[in-house]
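Please treat every number below as a calculation from the coordinates, not as lab data. Computed from a predicted structure; not experimentally measured. So basically every Cβ, Gly included, is an ideal-geometry build from the backbone, and we count neighbours across all protein chains shown.
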Amino acid sequence: MVNYKLKISSSVEKSLKKIPKKDLKKVVELIQTLAIQPYPIGCRKLSGEEYVYRVRQGNYRVIYEVQDKQLIVLVLKIGHRKDIYRK
């Protein structure tokens, strides 16, 4: 099985600091597993986007893009479910 390279945007790093510690561990573990399995059970493709998916971890959502040709998973956004889809 081929591992993908994991890239995290700077806005995601800031968002991680805002997540409570009790939820942070699970969210970080989820992000790390995306490098091994970019399409985990429960992931959903976002409508209107070709390669962008979301996966949930409790009340938090991880929005990411999969670039299969370059074997890259780019984490775009992390946030609480009530705020994540607002622009």
**Q.** Cut-off under 5 Å, modelled amide H: who pairs with I72 long-range
**A.** K5, Q67
Q | Nearby lysines by direct alpha-carbon distance to K21 (threshold 20 angstrom, same-chain neighbours under 8 apart not counted) | A | K77, K82
Q) Which longest run of the chain has no exposed loop site in it, a site being chymotrypsin sites (Phe, Trp or Tyr not before Pro) in a DSSP loop with at most 15 other beta carbons within 10 Å, and the site itself not part of the run? A) 1-50
Q. Of K77, K18, K69, which is the most mobile in a GNM of the chain whose springs link Cα atoms less than 10 angstrom apart?
A. K69
Q: Output ³J(HN,Hα) for the range 66-81: one whole-Hz value per residue in order, computed from phi by the Karplus curve 6.51 cos²θ - 1.76 cosθ + 1.60 with θ = phi - 60°, and x for Gly and Pro.
A: 10, 10, 5, 5, 9, 6, 10, 10, 9, 7, 8, 7, 9, x, 5, 4
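So what's the chain giving for Cα Rg divided by 2.2 N^0.38 Å, two decimals? The partial results should precede the final answer.
On the way: Rg = 12.2 Å, N = 87, 2.2 N^0.38 = 12.0 Å.
Relative to the 2.2 N^0.38 Å estimate, the chain comes out at 1.02.
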Q: Among the GluC sites (Glu not before Pro) in the range 36-75, which ones are in a DSSP loop with at most 16 other Cβ atoms within 10 Å of the Cβ? Mind listing them?
A: E49, E50
Q | Global size of the range 13-55 as Cα Rg and Dmax, reported in angstrom | A | 12.0, 33
Q) Relative to a virtual label point 7 Å from the Cα of K82 in the Cα→beta-carbon direction, which members of the range 1-28 show backbone nitrogen distances below 16 Å? A) 19-20
Q: Treat every Asp and Glu Cβ in the chain as -1 and every Lys and Arg Cβ as +1, leave all other atoms uncharged, and give the resulting dipole magnitude about the Cα centre to the nearest 20 debye.
A: 480
Q | Simple spin-label estimate for E13 and V28 in nanometres, 7 Å along Cα-Cβ | A | 1.5
**Q.** Gaussian network model of the chain, Cα within-10 Å springs - most flexible of V55, V75, V28
**A.** V28
